[in-house]
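In what follows, a structure is listed as structure tokens, so that the remarks can point back to it.
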Amino acid sequence: MLPLDGITVVALEQAVAAPFATRQLADLGARVIKVERPGTGDFARGYDETVRGMSSHFVWLNRSKESIALDVKDPGDAAVLRRLIARADVFVQNLAPGAAERLGLGAEALLADRPRLVVCAVSGYGTGGPYAHAKAYDLLVQCEAGAMSLTGTEREPAKIGIPVADIAAGMYAYTGILTALYERERTGRGGAFEVSMLEALGEWMGYPAYFTRYGGTVPPRSGAEHAAIAPYGPYRAADGTRIFLGVQNEREWAAFCARVLELPELANDPRFARNSARVAHRDALRARIEERFAGLAAEEIERRLAAARIAHGRLRDVAEFTAHPQLAARDRWRTVDSPVGPLEALLPPVTAAGREPRMDRIPALDEDRDRILAELAGTEGDMAG
């Protein structure tokens, strides 16, 4: 038995943020009924065709869900949606601002009829304010939240390579729903809340926000290095392999000099004797480290780093990550069914002894229509079609 067995979620969702939230609910055993557009479905289905013809985004975000296609502007389909919501514990939507209210699916109207319902709205910028009706895609929110200003090189900002604004919003929607369900257990009442992508990513901007607001300067873009710690970033071995170091304190710095570089006197060089000095003399520090690394194979450097207990890692590409020995050793892959056959998927990151998360089929568009309508009708086949 999983924690959310018996919980039904109706999700009028598309793209990334809301589907990420509801997929995690499904991982925990919730029944998630995904409502999609007739004909095309969730537009994330068409982002690419790289997973044997399916979209990589859709495969990632939609396992263990049921799909029904409904035209929410059609009176008959709208009535089906309302009946689904009437039987649900949670309703999630990420429609354009104001659209849910125009369809009669606003939180106030829904809670008036079903006070135990949990209603979650995901949007780009939240209700009210000058950006309330602005289109919000991940790249644009990364820009508006200041995240892109911190990412890249000194010369050029860069988009973060994964959709962090969507992921942040999805995580807060997920935890918000869990919180609301827990509160319902205590009070007997549901409730409504909203999550905006800007404010979700804004929470993740906490350190640079405080640093800037009270320090008077913006943390500089520093590529793969840390703006305020050194040595912290990539250094080349003799074969060109980039090894990433993370030296966090003076004890580690001394051990790094003595046991990895075999230059114990470097720890007391006035240019490098404390972290702020190492940051100020970053170029000279890099030259000294790479001078020593130039005569060492990557495996020898890693051996010394491990022996000295210095944090380090190799730069892996995505294919190398999927083949990571740690994932294999911990048995983190499972097989998930889909319209294109079995696919490999990573287990969710929360590991509880004796509990296997739900890892069910990724649905084709409208795959579960007949069964869902039959449930609503109470007899097999009634209302189907």
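The values are calculated or read from the model by the stated rules, or taken from the named source; none is laboratory data. Here the structure is a predicted model, which means the values were calculated and not measured. Quick reminder, even Gly has a Cβ in these numbers, built from the backbone with ideal geometry, and neighbours come from all protein chains shown.
Quick notes on this one:
- Restricted to strands (runs of 3 or more DSSP E) entirely inside region 189-265, those with at least 1 residues that are in contact with a Gly (Cβ under 9 Å, 6 or more places away or on another chain) and hydrophobic (A, V, I, L, M, F, W, C) are 191-196, 242-246.
- For the criterion of being under 19 Å from Pro3 (Cα atoms) and under 17 Å from the mean Cα position of the chain (by Cα), Tyr137 fails.
- Against the conditions (1) touching a His at 6+ places or on another chain (Cβ under 6 Å); (2) assigned to a loop (DSSP other than H, G, I, E, B), Ala44 satisfies every one except (2).
- Hey, Phe20 over 24 Å from Arg371 (Cα atoms) and in a helix (DSSP H, G or I) or not: yes
- When residues of region 260-283 are limited to those that are in contact with a Phe, Trp or Tyr (Cβ under 8 Å, 6 or more places away or on another chain) and hydrophobic (A, V, I, L, M, F, W, C), the one surrounded by the fewest Cβ atoms within 10 Å (Cβ to Cβ): Ala267
- Remark: pairs (first residue in region 25-53, touching a residue at least 12 places away in the same chain (Cβ under 8 Å); second residue basic (Lys, Arg) and crowded, with 22+ Cβ neighbours inside 10 Å; Cβ separation under 8 Å; 6+ apart in sequence or on different chains) = Ala26/Arg63; Ala26/Lys65; Val32/Arg23; Val32/Lys65; Ile33/Lys65; Lys34/Lys65; Asp42/Lys34.
- Which numbered condition Ala134 misses (of (1) touching a residue at least 40 places away in the same chain (Cβ under 8 Å); (2) of a type outside the set (Lys, Arg); (3) surrounded by 13 or more Cβ atoms within 10 Å (Cβ to Cβ)): (1)
- Taking first residues from region 196-224 that are within 29 Å of Tyr235 (Cα to Cα) and partners that are surrounded by fewer than 10 Cβ atoms within 10 Å (Cβ to Cβ), the Cβ contacts under 6 Å between residues at least 6 apart in sequence or on separate chains come to Arg221/Glu154.
- Residues of region 184-215 that are closer than 21 Å to Phe91 by Cβ, of a type in the set (S, T, N, Q) and surrounded by 14 or more Cβ atoms within 10 Å (Cβ to Cβ): Ser196 alone.
- Filter result for Ala227 (surrounded by 15 or more Cβ atoms within 10 Å (Cβ to Cβ) and at pLDDT 95 or above): no
- From the list Gly246, Gly240, the one residue that fits, being within 36 Å of the chain's Cα centre (by Cα), in contact (Cβ under 8 Å) with a residue 40 or more places away in the chain and within 24 Å of Ser222 (Cα to Cα), is Gly246.
- Of the residues in region 347-360, at least one is over 23 Å from the mean Cα position of the chain (by Cα) and not in a helix (DSSP H, G or I).
A quick yes/no check of all residues on (1) touching a Pro at 6+ places or on another chain (Cβ under 9 Å); (2) at pLDDT 95 or above:
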position: Tyr172; (1), (2): no, yes
position: Ile177; (1), (2): no, yes
position: Arg186; (1), (2): no, yes
position: Gly190; (1), (2): yes, yes
position: Ser196; (1), (2): no, yes
position: Glu199; (1), (2): no, yes
position: Gly206; (1), (2): no, no
position: Tyr210; (1), (2): no, no
